[in-house]
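Only one structure is covered here, and it is reproduced in the block below.
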Amino acid sequence: GRALRRVPLQRVPFHLRPCALPSFHSSRGFATNVKQKVVCALYDPPADANPAVLGSTTGELGIRKFLEDRGVEYIVTADKDGPNSVFAKEMKDATVVISQPFWPAYITADRIATAPNLKMAITAGVGSDHVDLQAACDNNITVIEVTGSNVVSVAEHVVMTMLILMRNFIPAYNKVITGKWDIADIASNTFDLEGKSIGTVAAGRIGYRVLQRLKPFNVDLHYTDYNRLSPEQEKELGATYHETVEDMVGHCDIITINCPLHPQTEHMFNTALLNKCKKGAYIVNTARGKIMVAEDLAAACESGQIRGYGGDVWFPQPAPVDHPWRSMPNHAMTPHVSGTSIDAQIRYAHGTEEILQRFFDGEEQRKEYLIADGGKIVSPAYSQGNTTGGSH
Ligand code: NAI
């Protein structure tokens, strides 16, 4: 078993992987008499289902055989909201729950109280704010995510969205499909990226990759983060550091938000902060919807204080049909999809399987995957950077 474990898990055929009797060890201790059950919320596939969609209820993250070979019950459902949902009912005797930011099953304190056997909440992706982290800590539930699994996917979406906004792409496309040819209309509001000032709120795994990808556009880069980059990294990127988001926003033609949602970032962008932005700035947010005050942002887009807003994150998800961002002017919003490309799905499905393998075999989890463990929040990105070490 030992030699085998040094080989990256995804290269080991399922039938060769280290196998243990169904039992679990964790920081909450050892138990043999508890039924092993994993409950997972995923989105339903399209009608012409592509089996490659590992992140859907047909793909099931590709872990059914792995779990069932170990005698673990595996429930997968898209029905996640409300007390009568399949997820809420099935999690009551689950040892592990899996959810995704794209189709989040909210793991609230109330739900945790119904699930006495729950030991672990896995995020198949990145960003665990759909879990009540305090309630998880109070109940000694490990919260863990597949760190890094979709950071390139999101960084690409951020750069794409900046170009879509700056080049006025969506109104131009709409002219084409409605049979029009009003060039002046589009041309009056379209710009080059080159020469503009662009700042990121957070330069962690995603924010750093956004800066790297923007550098060749010959732009003026800015960032703020709890953790300052090294002088070498700042020099390589040509990025200017700002102590606070308030200090940074006034310098930027485009602001991109790449920090996690936690108490210090919830509703960070309210009218006061939006008014500190340059008039006519653009904002791209693929981090979390709740970092904005939804109505304040919609008003700023209406008034022109913000020239355009794009991204893919909302609250709640799915967003209600009357969510103000669906109808505000100059937006480039998609449903929450940037981190669930086919490439990303393969990475977070493998990562989820590895987390489960380590859990059921009583092995230590990778440190960089842990958000909350042993009754406390351990991720530096969720704890105001008061732990050491960069996160790039
Ligand atoms: P990371 O942990 O590598 O980096 C987060 C960075 O944010 C850290 O450097 C941290 O110091 C910084 N930070 C935290 N609070 C801050 C604050 N108030 N001001 C400035 N900096 C702050 O995380 P990663 O991988 O870069 O992901 C960031 C977030 O992006 C996730 O937590 C998630 O919410 C979101 N995300 C969205 C996806 C999507 O599909 N739209 C997919 C993946 C992540």
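All of the numbers you see were taken from the coordinates with simple rules; none came from a lab. Treat the numbers as computed from the prediction; the structure is a model and nothing was measured. FYI the Cβ positions are ideal-geometry reconstructions off the backbone, even for glycines, and counts take in every protein chain you see.
The ellipsoid that matches the Cα gyration tensor of the stretch 137-277 has semi-axes, each √(5λ) in whole angstrom, of 31, 20, 16, with the longest given first.
Considering only beta bridges that DSSP places wholly inside the chain, some 15 percent are antiparallel.
Put simply, the amide H of Asp44, placed in the peptide plane, has neighbours under 5 Å in Thr57, leaving out anything fewer than 5 places away on its chain. Projected onto their three principal axes, the Cα atoms of the stretch 253-321 cover extents of 29, 28, 17 Å, largest first. The modelled label-to-label distance for the pair Asn275/Glu243, using points 7 Å beyond Cα in the direction of Cβ, is 2.3 nm. Once backbone amide H atoms are built at 1.01 Å from N, Arg307 has Gly280, Ala281, Tyr282 as its partners under 5 Å, excluding neighbours fewer than 5 places away on the same chain.
An ellipsoid equivalent to the stretch 258-392, defined through the eigenvalues of its Cα gyration tensor, has semi-axes of 34, 19, 12 Å when rounded to whole angstrom and sorted largest first.
Gain on full extension, evaluated as 0.36 nm per residue between Arg228 and Arg213 minus their Cα-Cα distance, stands at 3.5 nm.
In straight-distance terms, cross-link reach from Lys215 covers every one of the lysines whose alpha-carbon lies under 17 Å from its own, apart from those fewer than eight places away in the same chain; here that gives Lys196, Lys235.
Normalised Debye scattering of the stretch 199-333 at q = 0.11, 0.14, 0.17, 0.19 Å⁻¹ gives log10 I(q)/I(0) of -0.37, -0.60, -0.87, -1.07, counting only Cα atoms as equal scatterers and leaving out solvent.
Mean 1/r over all different Cα pairs, inverted: what Kirkwood radius does the chain give, in Å? Taking every pair of different Cα atoms in the chain, averaging 1/r and inverting gives 22.2 Å.
Across every direction, the projection of the convex hull enclosing the Cα atoms of the stretch 87-186 has a mean area of 9.2 nm². For the chain, adding -39500 (n - 2.57) for each run of n ≥ 4 DSSP H residues and dividing by the number of residues yields -8000 deg cm²/dmol at 222 nm. Relative contact order, whole percent, for the stretch 44-121 stands at 20, derived from Cα pairs under 8 Å and 6 or more residues apart.
Listed by chain and number, the aspartates and glutamates whose C-alpha is less than 19 Å from the C-alpha of Lys92, apart from same-chain residues fewer than 8 away, are Glu73, Asp79, Asp81, Asp110, Asp132, Asp138.
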